[in-house]
Structures are given as structure tokens and as C-alpha cells.
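Enquirer: First the structure, which I've put down as C-alpha cells, then a few questions once you've had a look.
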Amino acid sequence: MTPPTSAPGADPAGTTDGNGGARTPGPAGTGDPAGIGGPAGTGDGLSGALDDALALQAPAPATSPPPDRDPAAPRPHRHHATPWPEARETARRAGGSGRPAPEPVPLDAALGRLLGGTLAALTDLPSFDTSAMDGWAVAGPGPWRIDEDGAVLAGHARAAALGDGTAVRIATGARIPSGATAVIRSEHARTGTGGRLHAEREVVPGQDIRPRGQECRTGDPLLPAGALVTPAVLGLAAAAGYDELLVLPRPTVEVLVLGDELLTSGLPHEGLIRDALGPLLGPWLQALGTDVLGTRRIGDDADALYTAVTGSAADLVITTGGTAAGPVDHVHPVLAKAGAELLVDGVSVRPGHPMLLARLAGGRHLVGLPGNPLAAVSGLLTLAEPLLRARSGRPAAEPYRGPVRDEVQGHPHDTRLVPVVHRGDHLVPLHYNGPAMLRGIAAADGMAVVPPGGARAGDTLDVLDLPWSAPMALSAVAGSAPTGACFT
Ligand SMILES: Nc1nc2c(c(=O)[nH]1)N[C@H]1C(S)=C(S)[C@@H](COP(=O)(O)OP(=O)(O)OC[C@H]3O[C@@H](n4cnc5c(N)ncnc54)[C@H](O)[C@@H]3O)O[C@H]1N2
Ligand code: MOO
């Protein structure tokens, strides 16, 4: 195991001893909420309140902890680790199998859902020839005799036909009377003596008339299946005649939080710690467009876990903790007892390498997230996100890319996921990225994918988006398209 050699506070998570960051960050109170990577206070353009907060003095270098394991001792339980890209692909394929049929929902319940089929126009748009302006509908060349009784308003029945040489007042959105050849805006016409209308500029036939079907004809495809229902889509669908939309069902998820050491309130005490994953996972999964059926605390009870896993109605069961080989790590034995098929059993990624994916009876799946909180986030992004994305019918996320400002130490063989923020055109790795830490990810814009061997300053890295962070200007700089956002 090689001791870390990276910049102060940059934690080569999992490259050494899995202690939750081999290099312990400096003492709290250094004023660095998240621990932005690289030398702080170098006047490199970091500005603004958040930047100041993030860029305060980086934690002082700490000496490497002494090895806490006898190198001659038996190796801990290791799974056959799947390479990180392959694990994501396996998860995506698992999610794509057996997708449920689309369902109709009222328009006002469709926001944030994905279209279950092509949105085809149910009507021509506009559905009749329409005046684009307030003014006059005229027939033939002017001047025109004004028909004072023939004014046409929006929403009214079809007006009488307009005879050649006649003009009637017309409102924006009103139906064009048959026989009308143009609309003259009120500010471009004057009424003369004898009830005559005179144009003050040239009148081009068809001007300011929106012809029926200008935007679409009945049956025209407006949006493809899989499109995200945004507020604009709701408006388009309503305009095109829809009262309800066919949308893809949201995947259902149930979260099972394992561990007798977890508290749901108050301060840690006597070896007990707060459950950080229950509060994190439900909202995160909702932001990924899922229906979270519930978050249950199971403790370290193998029977209760077996009952919860086999009895869950969710498309995806997510467990936290218990993936390793400790005395109360029940996930593997319970999966074996349940007859589950392990599709991924350990991934070559740090943190989070004990993560797993299993197929349960009835086409359901289980993602086992490691208990260390950032390791769990890594598992969420590596296995749960691609599975749920495929299950909900969304295309694979295109990672966006950017140059990393500072060197990032890599694992010799495994991929690393490192919380980063965008600063200018660069990705800046955050400190406090150890497997047991959430301080970095809480301040992050994304998780950079650091290939085995690490990255040098200036290298271009893929970034996994977080569901609440826009890809920002960086994606434009790097020339890749932003990924779609979810409204839920
Ligand atoms: N002999 C070995 N031990 C461990 C290995 C290994 O390969 N061999 N891998 C280490 C790695 S890496 C990780 S990650 C963890 C994974 O452990 P589990 O998934 O079994 O998780 P637990 O042991 O239950 O918990 C680990 C750690 O995380 C804390 N925890 C658990 N749940 C929560 C929660 N909801 N909120 C906050 N913190 C949580 C728990 O208290 C432990 O400290 O295994 C290593 N061990
Ligand atoms: O160290 Mo583990 O990698 O937290 O997943």
C-alpha cells in the first residue's frame, strides 16, 4: 500500500487503506468547509462568498497514519471486481429489461415524466386561419368600405364572408372571415370620410394572417417518445388538444438502511452515529425520477433483511451497509438465501468497491451500497443511476468533460470518483473525499471520473452530473452537450 503523495488534504480515497481518506484532513476550524483542492489563497481568480469559503486555507498536511494492518495477515474478503465502465453498462442493461408499459396521466400530473409515445398533434395548429394582429381584415385592394357591424373578436363564431372591397375590425386571435385577403394593423390604417379605410403602407396579400396548420397538421409528430415533459411541453400538449399524456411509469425504489449503530436524531454518542444515508438517498432517488416507496431502518438483522428484500414491491431495492465481509454484513448471505443472481459483485472503483447489483425474483433488482457514505454515493452513481435511468426510459447520460485544475492522485488499478466544483473553465477537486466523508460531495457540482493511474493538471476528465447541478458553462467550453434535467 503506497502512502498518498497528493496535495495537502487531497485524499486519494481507497488508494491506501480505506480508512476513510488515508490522509486525515487538518483539524476542523481551519475554515475550509469543503476543502477545495490545490493550494489555497494563491490569487487564482477564486472569488465570491462561496469561493472564499471553499478556498480558505487548505488543511495542513498530515503525516500518513501508520499501517494498521499486518501485511502478512490474511487478505480481507475480496470479490471479483467488475471494471467500472462495465459495471455501469451491466446496470444499464438490467434497467432496460422488462420496462413496464406507458400509462396515461392527466396533464397536470405529467410534469417531469417522460413521454411514453410520440406526441402527435390532435389538431391543426392554428386550427383555423387566425389574425396575428388587432386591426382590420380586408378583402381585395383598398380603400375599403368599413362594415361597422362585422367586427370579429377572438373566440367568437365564424364571421360572415367579407365581400371584395370591404373591411371589418378584427382582434388578434380571431378567425379570419372567408374572403379576407390580409390583415392591416390598426396603427397602419386610418379611417377617412364616408366610412372608408385607407392603408398607410403597402398591403401584401396574406399579411398578418396565421394560416391554419402553420405550426402543425393533425397527426404531425411534435415530440418523440422519451422526451421529458417540461412546462413548455405541457403547454404544447394542451395547445395540441391533449387532456392527458401517455407517460412512462416511474421506477419504484425502496431503501433499506442496515446497521445497529445508526441513530435517526441527536448527536453521536457511545459508538453510535447518525444515519447519513437515509436522509440522503430518498431525495436523491426522487431527483432521479423515481417513486420512493419508503426508507426503512433494518438494523443488523439478517432475518428482517431477508423478509424486507423478498417482500418488497419495489422495482429496485437499495440496501446500505453490510456489503463487506464483517460479522454482521448480511447482504451477501441474504441474497444467496433469496436465490438472487449477482450481476455485479464488487466494482473496480474507489470509493465504494464492495458495491453490488443483483437480480431478484420477479424481474426486480437490488443494489447494495457500501455503508461508508461517499462509497454509497459512488454506488448510487455507478449502479443505481444507470439502472434507474434505463428503467425510466431515459437515454444514457452523456458525461460532460473538463480540464482538471490540479493533479489528482489515482488508484493504481481502479477508477476513482472525486467530488469536484467548476471554477472558470476548470474542474477543481475537493478535499474531504474519503469514503466515510460527505463534506466534499455536499459542496460539489459533480463527481470527476479519474482513470487508474490518476490525472495530471490540465487533463480532461469525465464528470458525472449530480441531479441538482446544471452542467454549467463548462460543458460549452469542453464542447459537449449538457445532460437533461429532471423536474421531480
Ligand atoms: N475486511 C474488509 N473490510 C472492509 C472492506 C474489505 O474489503 N475487507 N472494505 C471496506 C470498504 S471499502 C467499505 S466501503 C466498507 C463497506 O462496508 P459495508 O458495506 O459492509 O458497510 P458497514 O460495515 O455496514 O459500514 C461501513 C461504515 O459505514 C458506516 N455506515 C453504515 N451505514 C451508514 C449510514 N447509513 N450512515 C452513516 N454511516 C454509515 C458504518 O458505521 C461503518 O463505519 O467495508 C470496509 N471494510
Ligand atoms: O473504502 Mo470503501 O472504498 O469506502 O468503498
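Enquirer: In whole angstrom, how long is each semi-axis of the equivalent ellipsoid of the stretch 258-404, when you take the square root of 5 times every eigenvalue of its Cα gyration tensor and sort them from largest down?
Expert: Values: eigenvalues 108, 77, 47 Å².
That gives 23, 20, 15 Å for the three semi-axes.
Enquirer: Under 12 Å from a point 7 Å along the Cα-to-Cβ line of Thr118: which residues of the stretch 225-265 have their amide N that close?
Expert: Backbone N within reach: 225.
Enquirer: Would you work out the charge dipole size for the stretch 130-210 about its Cα centre, treating the Cβ of every Lys and Arg as +1 and the Cβ of every Asp and Glu as -1, and quote it to the nearest 20 debye? It would help to have the intermediate numbers written out before the result.
Expert: On the way: 9 positive and 9 negative charges, 21 e Å.
For the stretch 130-210, the charge dipole is close to 100 debye.
Enquirer: Let me check I've understood the local charge: for Val168, count other residues with C-beta under 15 angstrom from its C-beta, Lys and Arg +1, Asp and Glu -1. What total comes out? The partial results should precede the final answer.
Expert: Working: positive: Arg145, Arg158, Arg169, Arg175, Arg185, Arg196; negative: Asp129, Asp134, Asp147, Glu148, Asp149, Asp164, Asp208.
My count for the surroundings of Val168 gives -1.
Enquirer: Computed over the Cα atoms of the stretch 130-210, what is the convex hull's projected area averaged over all directions, in nm²? Intermediate values should be presented prior to the final figure.
Expert: On the way: hull surface 17.4 nm².
Directional mean of the projected Cα hull area for the stretch 130-210 stands at 4.3 nm².
Enquirer: As an exercise, use a Förster radius of 30 Å and the Cβ-Cβ distance of Leu263 and Ser469 to find the FRET efficiency, rounded to the nearest 0.05.
Expert: 0.55
Enquirer: For Asp301, put the label point 7 Å out on the Cα→Cβ axis and report which residues of the stretch 231-270 keep their amide N under 15 Å from it.
Expert: Correct set: 256-262.
Read the figures in this text as sums done on the coordinates, not as results from a lab. What you see is a predicted model; the values in this text were computed from it and never measured. Note: ideal-geometry Cβ built from the backbone for every residue, glycine included; neighbour counts use all protein chains shown.
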